[in-house]
Amino acid sequence: MLVFWKKAIVLSRVEPKEDYDKILNNDKHPGIEQPYIKNSNGHSWSLINGQIHGLFMSAGSVGSSSPFGDVCYEYKIKDLLKNIFDYHLYFADFYCPKNSPNHKLTLVRFTMH
């Protein structure tokens with residue numbers, strides 16, 4: 001995990017502009033993205049698909065072009081996880097898409113209450 005922490009500086013999300021506008025103009029929580037159910041992005045047999053609510057992001061900057069939408073925003077990892085040792089991380093999925101040099105790794109961050 002420490003290698004991941006040092007190499008990835010930001011987590012990013014890409015949304016269609018209309019979805020991003022809904023986040024900004026939400027009546028209850030304007031500008032705050034709400035958790036949603038995990039889809040089957042990554043490995044389709046992953047046990048967390050359809051089972052947990054959260055916000056799902058990519059490690060690193062996505063760049064200026066994405067098939068997922070036209071609005072990209074980034075969060076500095078050090079701001080989201082101020083002290084990495086305050087959280088539990090669960091390795092949930094590793095997926096290698098066909099004909100792609102990129103791999104998908106799913107980590108679930110949670111706190112115990």
Would you mind classifying the range 55-102 by shape? Square roots of the alpha carbon gyration tensor eigenvalues, ordered a ≥ b ≥ c; an a/c under 1.5 is rounded, otherwise it is prolate if a/b is larger than b/c and oblate if not. oblate
Under a cut-off of 17 Å between alpha-carbon atoms, report the aspartates and glutamates in cross-link reach of Lys78, not counting same-chain residues fewer than 8 places apart. Asp86
Once you sort the root eigenvalues of the Cα gyration tensor of the range 30-90 as a ≥ b ≥ c, which label holds: rounded (a/c under 1.5), prolate (a/b larger than b/c) or oblate (the other case)? oblate
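In the neighborhood of Gln34, defined by Cβ-to-Cβ distances under 15 Å, what is the net charge if each Lys or Arg adds +1 and each Asp or Glu adds -1? All intermediate terms of the calculation are to be shown ahead of the outcome.
Values: positive: Arg13, Lys22, Lys28, Lys38; negative: Glu15, Asp19, Asp21, Asp27, Glu33.
Cβ neighbours under 15 Å give a net charge of -1.
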What is the local net charge at Arg13, summed over the other residues whose Cβ is closer than 12 Å to its Cβ (Lys, Arg +1; Asp, Glu -1)? -4
Taking Cα pairs under 8 Å and at least six residues apart, what relative contact order does the range 2-84 come out at, in percent? 46
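Report D for the range 12-57 in µm² per second (integer): Stokes-Einstein, Kirkwood Rh on Cα pairs, 10 °C, 1.306 mPa s.
Working: Rh = 11.9 Å.
Rounded, D is 134 µm²/s.
Counting other C-beta atoms within 10 Å, and keeping those with at most 14, which DSSP coil chymotrypsin sites (Phe, Trp or Tyr not before Pro) do you find in the range 23-62? Display every interim value, and only then the final one.
Numbers: sites: Tyr36, Trp45, Phe56; in loops: Trp45, Phe56.
Qualifying residues, ordered by number: Trp45.
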Per DSSP, the loop-located trypsin sites (Lys or Arg not before Pro) within the range 27-89 having at most 15 other beta carbons within 10 Å are Lys28, Lys82
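Throughout, read-outs are computed from the coordinates displayed, never taken from laboratory work. This structure is a prediction, so every number in the text was calculated from the model and none was measured. When we count neighbours, we look across all protein chains shown, and the Cβ atoms used for this are built from the backbone with ideal geometry, even at glycine.
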